[in-house]
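A short reminder: the numbers here are calculations on the coordinates, not readings from a lab. Remember, predicted model here, so these are calculated numbers, not experimental data. Counting neighbours? That spans all protein chains shown, and the Cβs are built from the backbone with ideal geometry, glycine included.
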Amino acid sequence: MKIPFSPPRMDKKIIDEVIDTLNSGWITTGPKTKLFEKNITAYGGHHATLCTSSGSAGLELMLRWFGVKEGDEVIVPALTYSATANVVVHCGAKPVFVDVQEDFNISVEEIKKAITEKTKVIIPVDLAGFPCDYDKINALVKDKRIRKRFQPETKEQTDLGRILILADAAHSIGAYYKGQRSGNLTDLTIFSFHAVKNLTTSEGGAVCLNLPEPFDNEALYNYLCIKALHGQTKDALAKTQIGNWQYDVIEAGYKYNMTDIQASMGLVELQRYDEDMLVKRKHIFNSYTRALSNYDWAQIPLYEDQDKRSSYHVYLLRIKDIDENMRNRIMKFIFNKGVAVNVHFIPLPMLSYYKNKGYDINDYPVSYDNYSREISLPVYYDLTDKMVEIVIKAVVDSVEENFG
Ligand SMILES: Cc1ncc(COP(=O)(O)O)c(C=O)c1O
């Protein structure tokens with residue numbers, strides 16, 4: 001039996017909703033995208049939501065909105081997917097990597113050391129769906145001494161008066177921190193609806209707006225609709241209204257809008273997300289934990305504590321006292337038993353582009369340690385209890401065949 005790593009959940013409900021959109025005569029941004037945005041806002045508890053073509057597009061759009069440019073610095077964890085840092089590079093700014101903690105999330109102590117006069121944004125990443133320490137991160141940027149060092153260069157930066165927190169919540173829709181959902185934990189939060197994510201629209205993303213006064217999140221939403229559509233003052237649907245064809249372009253904007261085909265998948269996914277998808281994922285996490293806790297070599301990931309609850313996106317198993325080569329060897333054994341596993345992620349300073357820029361993995365020992373001993377196990381809606389048992393057996397046998 002072959003067990004894939006993360007196939008999407010595609011059932012009749014999703015297919016019917018997509019077909020309904022295809023038959024509706026409107027397939028790009030339109031009523032379903034607007035409804036999906038409203039539903040995400042109600043779900044997250046933040047002020048407004050802009051759906052985008054991807055999570056990356058959402059991240060970049062908001063860096064550009066804040067005026068991030070050459071000469072600026074953006075603090076990013078060393079252990080994340082490349083999108084988190086690539087968008088900073090697109091803006092001409094410098095990603096400043098900081099190390100993570102044992103729980104895979106960015107270290108607030110390391111953020112403190114990395115802040116300079118050039119820091120404009122911090123991008124915490126809720127890796128695998130486990131929320132970062134938002135109280136500490138939010139408090140840090142409001143700290144008087146850190147505020148004093150902030151040097152605003154745009155109206156948005158002046159209005160905020162401090163470093164912006166742009167949460168990369170690509171993995172964490174539905175996660176909780178102190179009773180609040182991801183989306184409502186800091187200034188701006190970005191979800192990804194990529195095909196392997198908990199909630200998918202095939203590709204897609206969302207910007208959750210939650211800015212403090214003097215910002216008007218509703219007004220910002222209206223502006224971002226324009227910014228995400230080439231700076232055009234009317235979208236395609238508005239232009240089809242009788243006599244409404246004229247438009248203006250107020251800036252050289254981007255093409256980051258979500259389509260109604262994507263949104264139709266998202267509408268179905270979100271409606272059953274808590275009661276169905278999250279319950280299933282939590283069950284799989286707990287099954288792995290129950291079985292693997294019996295082995296001394298298994299380091300069980302943290303996915304719930306008194307303040308936080310994960311979205312159960314990726315199960316980050318670590319094997320104690322092994323090196324990267326042994327991890328790779330164990331993964332090979334697991335693959336040979338018909339089970340697909342993965343690694344989240346290769347730290348960015350180890351990847352050619354960033355290595356060639358002078359970043360050195362030796363500066364990020366916890367990121368390296370987490371990475372070198374980590375094996376991500378499959379978690380998805382259609383993974384049955386029988387399949388979970390097969391995964392567990394493949395992992396246990398593969399570890400024990402190597403150093404049992
Ligand atoms: C941590 C992280 N950030 C950002 C992204 C980018 O999301 P998207 O693929 O929707 O652009 C991903 C996607 O895999 C991710 O894992």
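Some values worked out for this structure:
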item	result
Cross-link pairs beyond the 19 Å C-alpha cut-off, checked among Lys2/Lys197; Lys34/Lys69; Lys282/Lys337; Lys118/Lys148; Lys94/Lys308	Lys2/Lys197; Lys34/Lys69; Lys282/Lys337; Lys94/Lys308
Per-bin percent of Cα-Cα distances, the chain [10 Å]	5, 22, 31, 25, 13, 4, 0, 0
Overall Cα dimensions of region 42-109, principal axis frame, Å, largest first	33, 31, 19
Cα point-scatterer Debye curve for region 116-235, base-10 log of I(q)/I(0) at q = 0.09, 0.15 Å⁻¹	-0.28, -0.77
Part-to-part distance (alpha-carbon centres) for region 239-253 and region 315-363, which is given in Å	49
If the convex hull is drawn through the Cα atoms of region 279-323, its volume per residue in Å³	86
P(r) of region 338-404 over all Cα-Cα pairs, binned every 5 Å from zero, in whole percent	3, 15, 18, 17, 14, 12, 11, 8, 2, 0
Degrees, to the nearest 10: 12-24 long Cα axis against longest axis of the chain	20
Region 273-403 - convex hull of the alpha-carbon atoms, volume per residue in Å³	140
Loop-located GluC sites (Glu not before Pro) in region 101-159, at most 10 other Cβ atoms within 10 Å (DSSP)	Glu117
Reciprocal mean inverse distance between Cα atoms of region 1-136 - Kirkwood radius, Å	17.7
Dipole of the chain, positive end: most advanced residue of His283, Tyr354, Gly25 [Cβ charges, Cα centre]	Gly25
Cβ charges +1 (Lys, Arg) and -1 (Asp, Glu), total dipole of the chain, debye	260
Kirkwood estimate for region 173-244, i.e. one over the average of 1/r between Cα atoms, Å	14.5
Binned Cα-Cα distances of region 149-194, short to long, each 10 Å bin given as a whole percent	26, 39, 26, 9
